[in-house]
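The values are calculated or read from the model by the stated rules, or taken from the named source; none is laboratory data. Keep in mind it's a predicted model, so treat the numbers as computed, not measured. Quick reminder, even Gly has a Cβ in these numbers, built from the backbone with ideal geometry, and neighbours come from all protein chains shown.
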Amino acid sequence: MAEPFEYDYTGDLCSFERFRTPHEEKPMLPRKLLTEAIGTFFLVLTIGCTVILASDPGKGIIPPLAIGSALMVMVFAGGHLSGGHYNPAVTLAVTIRGRHPKGEVVPYWIAQILGALLAAGTATYLTGGVSKAAAPPADVVKALLAEFLFTFALAYVVLNVATSKATAGNSFYGLAIGFTVLTGAFAVGSISGGAFNPAVAVGAAAMGLMDKSSIWIHIVADLVGGLVAGCTFLFLNPEDK
């Protein structure tokens, strides 16, 4: 007789969607890191290919739609294995919230950045790359604020739809996360570049889609956004341990 399935809330991002048999083991770190690298790879690959090809208006490509969709499907695909972060700022937020091991933060960041760099090379090869590298943001302060606000929004949504006990077991977490990125890209993409993700910023800079000397804007603002989101969740949900 088949073993009965039992609900297992492990606390990792999106892991409440996983139903395990009583004897099923949790994924080991190498599997988690590979999942993070794969998810970040396809997210950044989608960004690179759509943004570069969208420079030709005749193609009718709308990058934010593809980017938000790519994140959504990768979160659904890998959430039960690694948590489906694909973003150092999200990893930081989930760690502060207490649902990710502190010792796995740096390995996750490395896997995410490696996935982004590999995707950057692949996208450049597939599309031929950009004809001219991106210029720095017109206003650094506005770019910092835009990146902070929508990275905060992204991490805040992640924590509430994918780690909160109040929404445990839902089937919409990936959709909510993907649409947050889509919204941010439409809203402030022209102001900051719309990364909301340090790994994406690294990959975009490698493709010439962001100014390399301005990458610090995304690293600083995005990590601070993730940190504040984690602290905000703890303040609003003190009973959700």
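Cβ-Cβ distance below 6 Å, separation of 6 or more or different chains: which pairs start in segment 166-179 with a residue that is hydrophobic (A, V, I, L, M, F, W, C) and end on one that is surrounded by fewer than 16 Cβ atoms within 10 Å (Cβ to Cβ) and at pLDDT 95 or above?
Short answer, once both residue conditions are applied: none.
Restricting the search to segment 131-151, which residues are within 16 Å of Ser213 (Cβ to Cβ) and surrounded by 13 or more Cβ atoms within 10 Å (Cβ to Cβ)?
The answer is Ala133, Ala134, Pro136, Pro137, Val140, Ala143, Leu144, Glu147.
Go over the candidates Leu71, Leu13 one by one and state the one that is closer than 30 Å to Met207 by Cα, touching a Gly at 6+ places or on another chain (Cβ under 9 Å), at pLDDT 95 or above and aliphatic (A, V, I, L, M).
Step by step, each of Leu71, Leu13 is checked, and only Leu71 is closer than 30 Å to Met207 by Cα, touching a Gly at 6+ places or on another chain (Cβ under 9 Å), at pLDDT 95 or above and aliphatic (A, V, I, L, M).
Please verify whether segment 210-221 includes one or more residues that are in contact with a Phe, Trp or Tyr (Cβ under 7 Å, 6 or more places away or on another chain) and within 18 Å of Leu159 (Cα to Cα).
no
Across segment 50-75, which residue is surrounded by the fewest Cβ atoms within 10 Å (Cβ to Cβ) among those that are β-branched (Val, Ile, Thr) and under 17 Å from Phe186 (Cα atoms)?
So, considering only residues that are β-branched (Val, Ile, Thr) and under 17 Å from Phe186 (Cα atoms), the one surrounded by the fewest Cβ atoms within 10 Å (Cβ to Cβ) is Ile62.
What pairs come out if I take residues in segment 64-88 that are over 13 Å from Val44 (Cα atoms) and pair them with residues that are among the polar types (S, T, N, Q) and part of a loop (DSSP other than H, G, I, E, B) whose C-beta lies under 8 Å away, six or more apart or interchain?
Pro88/Asn197
Filter segment 38-62 down to the residues that are without any contact (Cβ under 8 Å) to a residue 24 or more places away in the chain and farther than 19 Å from Ala205 by Cβ, then identify the one that is nearest to the chain's Cα centre (by Cα).
Here the residue is Ile62.
Please enumerate the residues belonging to segment 49-68 that are of a type in the set (Gly, Ala, Ser) and in a helix (DSSP H, G or I).
Listed by number, the residues that qualify are Gly58, Ala66, Gly68.
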